[in-house]
Amino acid sequence: MRTKNLFLAAILTGSILFILPSCSRDRLTDPSGSSSFTIGTITPLDVNLAPGGEIADPISGGTFLFPEGGSGLLEVAEITKAPAAPYSGTDLYINYDGDTPLSLRLPNPGGDEMMLLGWGVPSGSLDLPAGGERWIALPATVSGDFVEFELIMPFDLPDKRSKRRGYTAHHIAAIPAGATDPVRLAALRAQAAADIETYLNALPTTMQPRMRTRAAAMPPAYYADENYYIGFSRHFWGNRVTPMIGLTPTATEQTVAHEVGHYMNHILTSDDQYLLIENTAPDGHGLGDLHD
């Protein structure tokens, strides 16, 4: 019983500490560049599509998807110089000035674990020092021999110290199915699933049915680029619930429990409340961190 109470205290305390006023969003219409990148010749693609429209990507060989249609200019290019990413791959520039969602669908006939990373300042709870630019995974959905990645164009979170969000520089990477990392990652993800069950079992029996229903409706997707929990993908047109647990192959049991704890905070609160937590909490979230 004491173990159950400790689990609940840790979860509920984290939920209460960061419920602060929300922040607004302003889209950045002229995102600044970076000397860390060299962009090749830009190919402009005119977008004038009805809902469900598609445009072939001449750089990646994939397909841009516009579920709500779209109108504007889509620019693509190879990136010939970029900071190193967690896994090797191909760098590309993508920028869209329209105001509708878009994604990039890539073929994956070999069944590798594919990732599309964006370079910028991520939101969420990250183990590495937050607030700086880095490669971070974008939400992915696997469908047969294809993987669809949600693209996040640049915009501004004015109430955050690190305001810039969204990405134009991208990195396509794959973890080969026969490599060592997938075996380790599978073990870590199995531990995460077991930890989630432990947390759910620790809840009062009156809460468990509702929380189990919520957990089943928003299961976490796992990524291997960094250790983190990110509850939402943020866009200038709105937010989408996309529970993401990042665990690198070198993550420890404690790291797994830590990231699962963030996910359980999200489960126990409403999406609106947890969005406030992520949007208004300090960029760094380590125990004992001092914030002014």
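The values are calculated or read from the model by the stated rules, or taken from the named source; none is laboratory data. Just so we're clear, the structure is a prediction, and the values are computed from it rather than from any experiment. Every residue, glycine among them, receives a Cβ derived from its backbone with ideal geometry; neighbour counts consider all protein chains shown.
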Exercise. Just checking, which of Arg214, Arg189 is modelled with pLDDT of 95 or more and more than 13 Å from Pro249 (Cα to Cα)?
Worked result: Arg214
Exercise. Quick one: in region 243-278, which of the residues that are under 14 Å from Tyr222 (Cβ atoms) and among the hydrophobic types (A, V, I, L, M, F, W, C) is surrounded by the most Cβ atoms within 10 Å (Cβ to Cβ)?
Worked result: Leu247
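Condition check ((1) at pLDDT 90 or above; (2) touching a Lys or Arg at 6+ places or on another chain (Cβ under 7 Å); (3) not in a loop (DSSP other than H, G, I, E, B)) across all residues:
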| position | (1), (2), (3) |
| --- | --- |
| Tyr87 | yes, no, no |
| Thr90 | yes, no, yes |
| Thr100 | yes, no, no |
| Arg105 | yes, no, yes |
| Gly110 | no, no, no |
| Leu117 | yes, no, yes |
| Ala130 | no, no, no |
| Phe149 | yes, no, yes |
For this session: Select, from Pro139, Pro219, the only residue that is closer than 14 Å to Met264 by Cβ, within 20 Å of the chain's Cα centre (by Cα) and at pLDDT 95 or above.
Result: Pro219
Problem set entry | Every pair of residues 6+ apart whose Cβ atoms lie under 6 Å, when the first sits in region 72-84 and is in contact (Cβ under 8 Å) with a residue 60 or more places away in the chain while the second is not β-branched (Val, Ile, Thr) | Ile79/Phe37; Ile79/Asp91; Ile79/Leu92; Ile79/Tyr93; Ala82/Phe37; Ala82/Asp91
Exercise. Taking into account only those residues within region 132-144 that are outside any strand (DSSP E or B) and in contact with a Gly (Cβ under 8 Å, 6 or more places away or on another chain), which is surrounded by the fewest Cβ atoms within 10 Å (Cβ to Cβ)?
Worked result: Glu133
